[in-house]
Amino acid sequence: MAMIDEPLYPIAVLIDELKNEDIQLRLNSIRRLSTIARALGEERTRKELIPFLSENNDDDDEVLLAMAEELGVFIPYVGGVEHANVLLPPLETLSTVEETCVRDKAVESLCRIGAQMREQDLVEYFIPLVKRLAAGEWFTARVSSCGLFHIAYPSAPETLKTELRAIYSQLCQDDMPMVRRSAATNLGKFAATVEASHLKADIMSIFEDLTQDDQDSVRLLAVEGCAALGKLLEPQDCVSHILPVIVNFSQELSTDSSQHVRSALASVIMGMAPVLGKDATIEQLLPIFLSLLKDEFPDVRLNIISKLDQVNQVIGIDLLSQSLLPAIVELAEDRHWRVRLAIIEYIPLLASQLGVGFFDDKLGALCMQWLKDKVYSIRDAAANNVKRLAEEFGPEWAMQHIIPQVLDMINNPHYLYRMTILHAISLLAPVMGPEITCSKLLPVVINASKDRVPNIKFNVAKVLQSLIPIVDQSVVEKTIRPCLIELSEDPDVDVRFFATQALQSSDQVMMST
C-alpha cells in the first residue's frame, strides 16, 4: 500500500512547503523541483506539478526567480520536446511580474525552451504567447515580449511574419519608454532573423524612429544596436542605409545633452569601423571620432580609446596617433582616479598597437609617473602595467626602459612609494628571468631589508619568498636566507612572522629539489 501512496507524497509536501511562511523553506522546495518531477514521473509532472506551479501566486521575488530558472531546464522532466508547450503558461505568468530580474529570467527560460520546440508547436503555442504578451495591458508583459520575437519569427508562416514585424514596429512606438527601451535592446537579435528584403524596408525604418526617440535612454540603446545591424547588411548596403543614419544622428548625438548617449556613440562608432571599411571610416566616422576624443566627459573619451584596436585595424595607427596622444595624456592626469585607472589598463593594448618606438617617445614617462600616484589602486595597477609592458616588449627592452627608472624610485622618501616598487619588482622578476633578477633586482630588495619602516621590511620578506623559485639554489643559500634569518629576529612581530614564513617556504623548496 505504501508503494501506491508513494508518488502522492512529493506533490503534497511541495504544496505544504510552498504555502509555508518561511521563505527559505519555499526556496528550497522550488530548487528541488527536478527531484520532485523525477519522483512523480513525466505524466504526473505535466498534469499536476506544472498546473500547480502556474497557479502558485507566491509574492516573493526570490522564489519566483528560482522558479523561472528551474522551468528553463524542465523539458526532460515533462516528457521531452513534444510536451515542451506545457511549460509555457507558468513562464508566461512570470514574464509579466513587476520585478525585472524575474521577468528577465522568465524570458531567458522561454527562449531556451522555444529554441528546442518543434516548428508546429512554436506556431501553435509560442507565437500566440508572444502576441498575448505584446498586447498585454500592463507594460511588463509588453517589455518581456520584445525578447521573444527572434525565437518566434523564423518558424512563422509568411502571414504571421508580416504580423510579427508590424507588432514589433508598434512596440517601438509604445507609450511607455520601458517598452521602447526593450524593443531597442532586442532589435539586433530580431533583425538577425528577418529576411534581407524586409531588413532594409521594415527594420531600418524602425531603427531610424528609435534614433529619434524623445527619451535619451532609448536613443542610447538604438545607438548601441547599430553595429549589430551593420553586420547583417552587405558593406555597400551598410554604407547606403546605416551610414547616413549614423552620420545624421551622430552629428546630433555628438552634441547630445546626455553624456551617456555620447559615450554609447563613442563605443559604437569604433565598432562600426570594421563594418564600413577604410574609406567610409576615414571620410565619415573619423571627424566624429576626433570630436568625441575631445569630449569634456571622461567616459566618452575612454570609450574611444578602449575600442581603439578596431579602428586601428581599419585605418592604421599613423592617422590616429596625432589626435590620440593629447587625449591619453589628459586622461592619464585626470582628477578622477577611476579614469586614471581605466587608462592604465588600456596602456598595454595601446603599446602593442603603437609599437615600441612610439611608446618610448610618448608614453614611457606616464607609466613611471603612475607608480607615484597618491591613490593606492593606481599605484597597484601601474605596477601590473610595467609587468605587462615587459611581457609585450621583452626583457631587453624592459632592461633599458623600465628597470632603471623603477629601481631609482626605491629611494623615494615616502615609504608607500617604496612599497609599490617592491611590489613591481616581485611582478617583474618572473618576466625578466633569473639572471637579471639576481644581478639587478635582488640587490635592491636586500638593501631595502635595512629600511627603518617595518611595513617595508615585511614586504621585503614577501618579495624574497616570491623570488626563491626564480633564482638559483645557491643564490637562495648565499643571499636570500641570511637576509631572511636577520629579518626573523627583527623587533617587529609582523616582520618576524613574514620572514619565518618565507624561510619555511625556502625549506620546502630545498626539500623538493
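The values are calculated or read from the model by the stated rules, or taken from the named source; none is laboratory data. Values in this document were obtained by computation on a predicted structure and should not be read as measured data. Ideal geometry is used to build each Cβ from the backbone, glycine not excepted, and the neighbour counts take in all protein chains shown. When the accessible area is computed, the model is the full protein with side chains, heavy atoms only, and any ligands, DNA or RNA have been set aside. Shrake-Rupley method; radii C 1.70, N 1.55, O 1.52, S 1.80 Å.
What full-extension length gain, to one decimal in nm, is calculated for Ser352 and Met510 as 0.36 nm per residue of separation minus the Cα-Cα distance?
On the way: separation 158, 0.36 × 158 = 56.88 nm, distance 3.94 nm.
Additional length available on full extension: 52.9 nm.
Quickly rank 332-342, 461-471 as a protection proxy: mean count of other C-beta atoms within 10 Å, highest first. Please list the in-between numbers first.
Numbers: 332-342: 15.6, 461-471: 20.7.
Ranking the peptides 332-342, 461-471 by packing returns 461-471, 332-342.
Roughly speaking, what is the stretch gain from Glu98 to Ala135, that is 0.36 nm per residue apart minus the C-alpha to C-alpha distance, in nm to one decimal? Intermediate results must be reported in sequence, preceding the final value.
Details: separation 37, 0.36 × 37 = 13.32 nm, distance 1.67 nm.
Gain in length upon complete extension: 11.7 nm.
Give me the one-decimal Kirkwood hydrodynamic radius in Å for the stretch 384-490, with the sum taken over alpha-carbon pairs.
Details: mean 1/r = 0.0723 Å⁻¹.
Answer for the stretch 384-490: a Kirkwood hydrodynamic radius of 13.8 Å.
When ligands, DNA and RNA are left out and all protein chains stay put, how many square angstrom of accessible area per residue does the stretch 115-219 have with a 1.4 Å probe? Please report the intermediate quantities before stating the final value.
On the way: 4540 Å² over 105 residues.
Per residue, the stretch 115-219 has 43 Å² of solvent-accessible surface.
Add +1 for every Lys or Arg and -1 for every Asp or Glu among the other residues with Cβ under 12 Å from the Cβ of Gln501, and state the total.
Values: positive: Lys462, Arg496; negative: Asp494, Asp507.
Neighbour charge sum, excluding Gln501 itself: 0.
Order Tyr77, Tyr415, most accessible first, counting only protein heavy atoms with a 1.4 angstrom probe.
Numbers: Tyr77 50, Tyr415 80 Å².
Descending accessible area places them as Tyr415, Tyr77.
When the accessible area of the stretch 135-207 is split by element with a 1.4 Å probe, what percent falls to carbon and sulfur?
Details: 1650 of 2890 Å².
Carbon-and-sulfur percentage of accessible area, whole number: 57.
Calculate the dipole size of the stretch 145-198 relative to its Cα centre from +1 charges on Lys and Arg beta carbons and -1 charges on Asp and Glu beta carbons; express the result in debye to the nearest 20. Each step should come with its number before you reach the end.
Working: 5 positive and 5 negative charges, 36 e Å.
In debye, rounded to 20, the stretch 145-198 gives about 180.
Using only the Cα atoms of the stretch 440-513, each taken as one equal point scatterer with no solvent, compute I(q) by the Debye sum, divide by I(0), and report log10 of the ratio at q = 0.13, 0.26 Å⁻¹.
-0.31, -1.20
Loop only per DSSP, at most 10 neighbouring Cβ atoms within 10 Å: give me the chymotrypsin sites (Phe, Trp or Tyr not before Pro) in the stretch 366-395, ordered by residue number.
Numbers: sites: Trp370, Tyr376, Phe393; in loops: none.
Of the chymotrypsin sites (Phe, Trp or Tyr not before Pro), not one in the loops of the stretch 366-395 has a Cβ with at most 10 other Cβ atoms within 10 Å.
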